[in-house]
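Peer 1: Take this structure, written in structure tokens, and hold onto it; I'll ask about it next.
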Amino acid sequence: MQADVLVIGSGAAGLTAALLLADSRKVTVLSKVDTKSGSTPWAQGGIAAVSHERDTPEDHVSDTLTAGAGLCHEDVVRHTVMQGTWAIGQLIDWGVQFDLRDRDRDVRAGGEYHLTREGGHSTRRIFHVADSTGAAIASTLMQRAHQHPNIEVLENRVAIDLIVNKADNACVGVYVLNRASGLVEALQASAVILASGGASKVYLYTSNPDTATGDGIAMAWRAGCSVANMEFNQFHPTCLFHPHAKSLLISEAMRGEGGTLRLPSGEAFMERFHDAADLAPRDVVARAIDHEMKRLGIDCVYLDVTHFSRKLLQTRFPNIAARCATFGIDIAHDSIPVVPAAHYSCGGVRTDLHGQTDIDSLYAIGETAATGLHGANRLASNSLLECMVFARAAAEHILASTSQGAKMPEVPAWDESRVIDADEKIVVSHNWDELRRFMWDYVGIVRTTPRLTRALHRIELLRREIHEFYSSYRVDADLIELRNLVEVADLIVRSALRRKESRGLHYTLSFPETCKTAEDTLLTPGA
Ligand code: FAD
Ligand code: SIN
């Protein structure tokens, strides 16, 4: 199978790239489950961009740099912020209907968009569609992709490994498991874009969907790409704490609109931790909650929005209100029990301003990439913006450096002559659980060198077992994901051990101080 461009992932990053390429390239987009998979449809708060006269790009840059705790690449931050207007305009052109300030006034008749606020933002600058911004963006992009004659979307295809032509260090395709047939196919392309999302599923408790297993990061690493800042996992402060809620985010926009975090006693505690109280950067809030939970021996803290009017709850947070109601929580009357959970991979495959990786014709965009935008802690609602901006950068670079219908080299077929069907799956499911639990316990919000070292020993054992299993049995989706998760866990722990300081999301009791100079943690295969 051949395409001009192969995009691994059908989230905001992958579909934006596909749409920007498709007028002059044949594009194949893979999704490992269905087109609703990935984090994009789950995004709640919105997408950050400067738009009103009291806000400036300089302020957005400054908020991003502050949240990033000295590790953002300022040129990348400026590049991204300056394209905020383009990103919002493009989404509106494609059909996303962001909420208006006054529902009865059209923008064309002088109406304005409603902007919300989240932690770390000095002003309201977040465009949103109620509390389901991601779902609106995902469905709009997917609808357009389905309508485009040059875009083919293949569901239930799990990319396994990249095919790299070693002689010229160029990516020429991907091996992909077709879940329906159980067969592994070789897909060829002149350019491959990794847009497969993040890796928060490596933790036991996460706001992310099941697909967030770091496949793109692991594939790129195995193929020879360097990765950056893998130790910076963002923990979202407020996910619903309920025995039957697998992962329900309670958007930071609720605090942006005036929600308050409280202890069981009713005390509003965030002022003790930061001047911006409930709107402090996410790393600060998550750590404060973790601290209070450990200090008081409590299972959760509470987000109080009971002072919001019914109208505000219905217009701004209908999804969260309805989802909480299914767990018996009426958020107009009851405070919402919340805990932090793994939310976002700030690190990833190292790229330049075009989304290019260390391998020719291989790009990484969206949550898979480490562009330098987020530094040690991502500013809320900058992720969807980054997806758009770097999808555009990669698309433009591919259009300038490849041609349509280019001849492609032969690639070797997938070899399964030495493997058989697995006789039992318990090894895979046991190792999934074990990995995610010790990552939560040892590599979580507060770290220490002994805990990280313990995690590394366990990873080495799991690695060996999984490698043995992988070499002996036919692959399935669970095994592919587990192999990737253990790879990513290894990269996270090794990066965390290298950082001999606390900064942003990486907080370790073994090195509580922050060094004067901020340096990226770069890992390079074979180095
Ligand atoms: P995703 O949207 O995660 O898509 C990944 C795609 O890759 C999926 O289609 C998946 O099937 C596919 N895939 C993965 N592995 C493979 C494989 N091996 N083979 C084939 N396909 C594969 N950010 C904001 O800016 N604003 C918000 O309000 C916001 N809210 C959030 C709320 C929640 C609950 C979550 C979880 C995240 C939120 N984020 C938010 C973060 C943001 O949603 C994500 O970072 C962003 O959507 C990632 O987009 P992406 O295109 O990189 O990947
Ligand atoms: C949220 O709505 O709280 C999530 C926003 C984000 O992760 O950027």
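Peer 1: Lysines near LYS407 by alpha-carbon distance under 26 Å, same-chain residues fewer than 8 away left out - which ones?
Peer 2: LYS26, LYS166
Peer 1: Something else about it: What ranking of VAL33, VAL176 comes out by heavy-atom accessible area, probe 1.4 Å, highest first?
Peer 2: So, going from the largest accessible area down, we get VAL33, VAL176.
Peer 1: Taking a probe of 1.4 angstrom, what is the accessible area of ARG323 in Å², to the nearest 10?
Peer 2: Accessible surface of ARG323 is approximately 100 Å².
Peer 1: Please work out the C-alpha center-to-center distance from segment 260-329 to segment 106-124 and express it in whole Å.
Peer 2: 23 Å
Peer 1: Let me ask another. Which distance in Å, rounded to a whole number, links the C-alpha centroids of segment 202-226 and segment 338-352?
Peer 2: 10 Å
Peer 1: Where the centre of each part is set by its Cα atoms, how far does segment 436-468 sit from segment 353-402, in angstrom?
Peer 2: For segment 436-468 versus segment 353-402, the Cα centre distance is 29 Å.
Peer 1: Sticking with this one: At most 10 other Cβ atoms within 10 Å plus a DSSP loop assignment makes a site exposed; report the longest stretch of the chain without any exposed GluC sites (Glu not before Pro). Spell out each step's value before the answer.
Peer 2: Working: sites that count: GLU53, GLU410, GLU424, GLU513.
The longest such stretch corresponds to 54-409.
Peer 1: Could you give each residue of segment 46-53 its phi-based ³J(HN,Hα) in whole Hz, using Karplus coefficients 6.51, -1.76, 1.60 with θ = phi - 60°, and x for Gly or Pro?
Peer 2: My calculation for segment 46-53 gives x, 10, 7, 6, 6, 9, 9, 5 Hz in order.
Peer 1: Write down the accessible area per residue of the chain in Å², having rolled a 1.4 Å probe over the full set of protein chains.
Peer 2: On the way: 20880 Å² over 527 residues.
Per residue, the chain has an accessible area of 40 Å².
Peer 1: Accessible area of the chain with a 1.4 Å probe: how many percent of it is carbon plus sulfur? If you can, show how the numbers build up before the last one.
Peer 2: Numbers: 10350 of 20880 Å².
The nonpolar share, carbon plus sulfur, comes to 50 percent.
Peer 1: A further question on this structure: Please compute the modelled spin-label separation between GLU416 and LEU183, points set 7 Å along Cα→Cβ, answer in nm with one decimal.
Peer 2: Those two pseudo-labels are separated by 1.0 nm.
Peer 1: At 1.4 Å probe size, what's the solvent-accessible area of ARG350? Round to the nearest 10 Å².
Peer 2: ARG350 exposes around 90 Å² with every protein chain in place.
Peer 1: Right, next: List the residues whose amide H sits under 5 Å from the amide H of LEU100, counting only those 5 or more places along or on another chain, with H placed 1.01 Å from N in the peptide plane.
Peer 2: Sorted by chain and number, the residues that satisfy this are HIS114.
The values are calculated or read from the model by the stated rules, or taken from the named source; none is laboratory data. Only a predicted model underlies this, so the values are computations on that prediction, with no experimental measurement involved. Here the Cβ is made from the backbone with ideal geometry for all residues, glycine too, and neighbour counts use every protein chain on show. All accessible areas refer to the heavy atoms of the entire protein, side chains included, with ligands and DNA or RNA removed. Shrake-Rupley method; radii C 1.70, N 1.55, O 1.52, S 1.80 Å.
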